[in-house]
Amino acid sequence: MRSKIQRGISLYSFQEEMFLGQMSVEDVIAFSASIGARAVEILPEQNMPTFPNISDAQIAQWHEMLARHGAHFSCYDMFLDTKRHKDRLLTDDEQVESIQRDLRLCHRLGIRNMRILIFVRPDILERCVPLAEQLDVHMGVEVHAPWYLDHAWIQRTIEVADRLKTRHLGILPDMGIFMKHYPPVMRARYERQGARPEVTQFIVDSHEQKIMCEYTIYEVAVKMQGNKAEVAMAESLRHNPYANPRRIGDFAPYFRHIQAKFYEMTEDCRDPSLDYEAVIPELVKAGWEGTLSSEYEGNRWIQDVQPVDSREQVRRQHVMFERLIAQAEQAQPAGAQ
């Protein structure tokens, strides 16, 4: 069976090099296309200096740049600045207006997938569905740790989509929800900040056994009298869950795009933390059609001790994607769809 999964990148993966002026947006797109990752996820607030005022000429320049490298847009990452005013939060009407503004720009850019921040209320999104349907833009609520696919908050959005019988509201999984092992780069950073190896090992072991994080935090903070770095590492367990990859197929009809988060790739192109080995076969088995979009977030864990090389990290992830997709395709029975 030949999978229809596409490979791409989020411009967010290269935040380190772009912030330091070591890479331009075009450098990122050229590199990504060179490794076969031609689908580009954009963060307009970060990548378009004049946002939200984007001219037709600017949009044309973006498409000319993408065309030069055989690339295309895959997803628009929206943000909702509810604290825009010092004395109050945005009203419901203002939130709807902000999301509709993003939907229109997403459409003008020729993008059909829009990442919705996890905290946006389902009733707010329901009011945006008519415009999303008119513009043919899928609003995917980001399923970001510590939330997970079966979480009640996520279920509320799915219930709205089902009630409205719409294909323009759903979810967008962030692969951080599939953290099977605690990331070595995170542990190393906490140890550089003063965490004792015996305490970090206890935390890693607790995560490996999937012990409820609050128990581990109590053990470290109270019984072990943990220092600041040790308590912070224990508290990080709240945001590092391990969802069941076998549930992917049940939710596949509700998403078109995946933020393929990762913190590090080993030299042999394997992810030591996130369970892609289980997730990708489930995607292929479900016949999912969409984009795996690299989202490298390891820079912040190593930038205090070594130069960040986002290109090499992203390259390794795509070598892994190619391998796992090919293996999953071969494992499918003949004639499978």
Worksheet entry | Count of residues meeting criterion [hydrophobic (A, V, I, L, M, F, W, C), within 18 Å of ARG256 (Cβ to Cβ) and surrounded by fewer than 20 Cβ atoms within 10 Å (Cβ to Cβ)] in the range 6-42 | 0
Worksheet, complete the sentence: Picked from the range 93-115 (must be over 17 Å from PHE51 (Cβ atoms) and not in a helix (DSSP H, G or I)), the residue least open to solvent (accessible area, probe 1.4 Å) is ASN113
Item to complete: Name the single residue, out of those in the range 75-92 being open to solvent by 10 Å² or more (accessible area, probe 1.4 Å) and of a type in the set (Asp, Glu), that is nearest to the chain's Cα centre (by Cα).
Response: ASP81
Discussion item. Can you find a residue that is open to solvent by less than 40 Å² (accessible area, probe 1.4 Å), closer than 29 Å to TYR276 by Cβ and not β-branched (Val, Ile, Thr) anywhere in the range 45-61?
Written reply: yes
Item to complete: With the condition kept exactly as written, say whether any residue in the range 285-301 is in a helix (DSSP H, G or I), crowded, with 19+ Cβ neighbours inside 10 Å and polar (S, T, N, Q).
Response: yes
Item to complete: Select from the range 270-281 the residues that are of a type in the set (Asp, Glu) and closer than 15 Å to GLU322 by Cα and write down the one among them that is most open to solvent (accessible area, probe 1.4 Å).
Response: GLU277
Worksheet entry | Lone qualifier among LEU149, LEU164, LEU172 - being of a type outside the set (Val, Ile, Thr), farther than 30 Å from GLN303 by Cα and crowded, with 17+ Cβ neighbours inside 10 Å | LEU149
Discussion item. Regarding the range 33-48, can at least one residue be identified that is over 30 Å from ALA326 (Cα atoms), among the β-branched types (Val, Ile, Thr) and either free of Cβ contacts under 8 Å to residues at least 60 places away in the same chain or outside any helix (DSSP H, G or I) (or both)?
Written reply: no
Practice prompt. Restricting attention to the range 254-268, report how many residues are open to solvent by 10 Å² or more (accessible area, probe 1.4 Å) and without any contact (Cβ under 8 Å) to a residue 60 or more places away in the chain.
Written response: 3
Discussion item. Restricting to the range 106-150, name every residue that is of a type in the set (Gly, Ala, Ser) and in contact with a Phe, Trp or Tyr (Cβ under 8 Å, 6 or more places away or on another chain).
Written reply: GLY110, GLY140
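The values are calculated or read from the model by the stated rules, or taken from the named source; none is laboratory data. Everything numeric in this text was worked out from a predicted model, so none of it was measured. Note that we place each Cβ from the backbone using ideal geometry, even for glycine, and neighbour counts take in every protein chain shown. Note: accessible area is taken over every heavy atom of the protein model, side chains too, but ligands, DNA and RNA are not part of it. Shrake-Rupley method; radii C 1.70, N 1.55, O 1.52, S 1.80 Å.
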